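To keep things clear, I will list the structure first and then write my remarks on it.
The values are calculated or read from the model by the stated rules, or taken from the named source; none is laboratory data. Being a predicted model, the structure only gives us computed values, none of them experimental. So basically every Cβ, Gly included, is an ideal-geometry build from the backbone, and we count neighbours across all protein chains shown. For the accessible areas, the whole protein counts, side chains as well, though only heavy atoms, and no ligand, DNA or RNA atoms are used. Shrake-Rupley method; radii C 1.70, N 1.55, O 1.52, S 1.80 Å.
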Amino acid sequence: MIAMQYAKQVFGSYAITLGGVGAYAWWMLRRSRKLAEQVSDEDKPWT
Amino acid sequence: MSITATGTSGLTASPSDGQRHGLSGTGTTFTRWLGVVTLVGIAWLVFFGLFVSPPDQIQRDSVRMMYIHVPTAWLAYLAFIVTAVSSAAYLWKRTRSLTWDRIAGASAEIGVLFMAFTLVTGSLWGSVSWGTYWVWDARLTTTAFLFVTYIGYLAVRRLGGSHEARARRSSVMALLAVLEIPLVHYSVKWWRPLHQGETVADRTIDGLMLFSLFVGLITFTLLYVWLLLHKQRQLALEDAVEDHGLDLALVERRREASTTTRPGGASFGVAAPGGAAPEGGAA
C-alpha cells in the first residue's frame, strides 16, 4: 500500500468522487431544510 | 394550506412532526438508516478497493480506479433509465402525476453528476493506462455526448412555464435521450475503440477484485436511492414554494392595488387579500 503505484491518480479518483458526492449531498440537504421551513406539513407528505 | 404571509418577509410554517423529531427537510427514519448503511458501504468500498484487493498483473495498482469508475458509470446509466421510465409514466394518462416528473428530474441530475465523475475518473485512469487524459475514441466520445445531452435535459426543465408544461417537454426529451445509452454501452463492441471491453460479462476478473467491484456497485446503488429520495422531495418543496410564492404575490398585488386611489379619490375595484384568485391564476 505504501509503495502503491499511481497513488496520485488512484487516491485522486476516490477523493474527487466521494468528495463530490459529499459536497452535493450537503448542498442538497441544506437547501431542502431551508425550503422545508417555508412550507406547511401538507406539502411534506413524507413527514 | 396553512402557510401564512408575514408582511414582506415571505412565508412561515409551524414546525412539522418531522422537525420536532429532528427530521427536518427531506429526511425520514428510513432515509437516515439508508444513509448509515450507505456510509458503511462506502467505507467498505474504500477499504477493499484501496487496501485489500490485489493489484492487477498488467495494470498494477491503477486497477483500483475500476472499483470507483465502473460504479459511477453504472449509476449514471441507472439514473438515466429511471428518468426515462418515470417520464413514460408521466406521459401515460393512467399514471400521470407530477411526482413521476420530479423523480425523472431528480434522477437526471444525479445521473449527470455521476456521469461527470465517470469522465473524470476515466480520464485519470486513461492518463495511467494510455498516457493521455482524453482520446476521441467511440466510448469516450459517446459518453461525453450523453453527458451533454442530459445537461441539455436539465436546462430544458428550467425553461419556465407551468409544472405540467415542464413535465411534458422534459418527458419527451428524456425518452429520446435514453436511446443514446445502448450506443454508449455497445460502442466498445461495434467500433473496438481504445477503451477496454466488458470486464465482468467477459469474466476477465475474479476473486477479491470481482468482490470489490460488486461492493462498489451495491454501495453506489444504495447511494443512488438515498440521493433520489432526498432530491425528488427537494423538487416537490421547490414546486410548493413556487406555487405559494405566486399566491402571495397575488395577495400582495391586490393589497397594493386596494390601497392605491384614483386621482378622483376612488380606489381601484380589486378584491381584498384572501379573495378568489383571478381566472388563470396560480393554484
Computed [θ] at 222 nm, helices only, for chain A once each DSSP H run of length n ≥ 4 contributes -39500 (n - 2.57): -23000 deg cm²/dmol
statement: Note, the stretch B:151-158: 3J(HN,Hα) by Karplus (6.51, -1.76, 1.60, θ = phi - 60°), whole Hz, Gly/Pro = x, goes 5, x, 4, 5, 5, 4, 5, 9
query: What shape does the stretch B:103-146 have by the C-alpha gyration tensor, where a ≥ b ≥ c are the square roots of the eigenvalues, rounded means a/c under 1.5, and otherwise prolate means a/b greater than b/c and oblate the rest?
result: oblate
- prompt: For the pair B:F145 and B:V37, how long in nm is the line joining their label points, each one 7 Å along Cα→Cβ?
  reply: 3.8
statement: Row for chain A, column shape: gyration tensor on C-alpha, a ≥ b ≥ c, rounded if a/c < 1.5 i.e. under 1.5, prolate if a/b over b/c, else oblate; value prolate
task: State in Å² the accessible area per residue of the stretch B:33-153; use a 1.4 Å probe, count heavy atoms of protein chains only, and round to the nearest integer.
output: 42
task: Answer rounded, prolate or oblate for the stretch B:75-217, using the Cα gyration tensor with square roots of eigenvalues a ≥ b ≥ c: rounded when a/c is under 1.5, else prolate when a/b is larger than b/c, else oblate.
output: prolate
- line: Computed ³J(HN,Hα) along the stretch B:233-239: with the Karplus parameters 6.51/-1.76/1.60, θ = phi - 60°, integer Hz and x for glycine or proline, the list is 5, 4, 5, 4, 5, 4, 4
- request: Nearest 100 Å² is fine: how much accessible area is buried between B and A, summed over both sides, with a 1.4 Å probe?
  value: 3900
- request: Mind giving me the nanometre distance, one decimal, between the label points for B:R192 and B:F47, set 7 Å out from Cα along Cα→Cβ?
  value: 4.4
